[in-house]
Amino acid sequence: MLERKTRAPIAPGTILKELYLDERDLSITEFAEAVGCTRKHMSQIVNGHARIEASLAARIAAVLGTSAELWLNLQNKADLYEAQKELAQWKPAKVYHAPAAST
């Protein structure tokens, strides 16, 4: 079986900046104030140094007219990619399979 190479997903902060803030001509400062977080924290999100947590995802969604699920799904995809990359060489000591169904 061929191993499929996957590229890193686009970070949620990049999507936020390029598709939402830039398109609306919003600064990070203006947006941070609108969602109720510090400019520093929003800058960290935009630059990929901080995660979008559930409560912030809900506030971002309310301000931009999107869904919280959009932001959480983007964050989860980025998190999972990083976790899989970190664990690429790891193997479990033991695997517990589900019991076979009896007929």
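Please treat every number below as a calculation from the coordinates, not as lab data. Only a predicted model underlies this, so the values are computations on that prediction, with no experimental measurement involved. Reconstructed Cβ throughout: ideal geometry from the backbone, glycine too, with neighbour counts over all protein chains shown.
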Exercise. Find, among the trypsin sites (Lys or Arg not before Pro) in region 1-85, those assigned to loop by DSSP (not H, G, I, E, B) with at most 13 other beta-carbon atoms within 10 angstrom.
Key: ARG4, LYS5, ARG7, ARG24
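Taking 0.36 nm per residue of separation and subtracting the Cα-Cα distance, what length does fully extending SER67 through LEU26 add?
Working: separation 41, 0.36 × 41 = 14.76 nm, distance 1.90 nm.
Contour length minus the Cα-Cα distance gives 12.9 nm.
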Self-check item: In region 62-103, the chymotrypsin sites (Phe, Trp or Tyr not before Pro) that fall in loop regions by DSSP, at most 16 other Cβ within 10 Å
Solution: TRP90, TYR96
Quiz prompt | Net lengthening on full extension, GLU18/HIS41 (0.36 nm per residue, minus Cα-Cα) | solution = 6.5 nm
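Are there any helices in the chain, counted as whole DSSP H runs, that stretch 20 Å or more along their axis by Cα and score at least -1.0 on average by Kyte-Doolittle, and if so which? Walk me through the numbers before you get to the answer.
On the way: long enough: 68-86 (27 Å, -0.92).
Flagged H segments are 68-86.
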Practice problem: Could you pull out every one of the lysines with an alpha carbon less than 22 Å from that of LYS40, ignoring same-chain neighbours closer than 8 positions? | Solution: LYS17
Quiz prompt | Range in the chain, longest, excluding exposed GluC sites (Glu not before Pro) [loop by DSSP; at most 16 other beta-carbon atoms within 10 Å] | solution = 54-103
Exercise. Calculate I(q)/I(0) for region 12-103 by the Debye formula, one identical point scatterer on each C-alpha and no solvent, and give its log10 at q = 0.11, 0.12 Å⁻¹ to two decimals.
Key: -0.42, -0.47
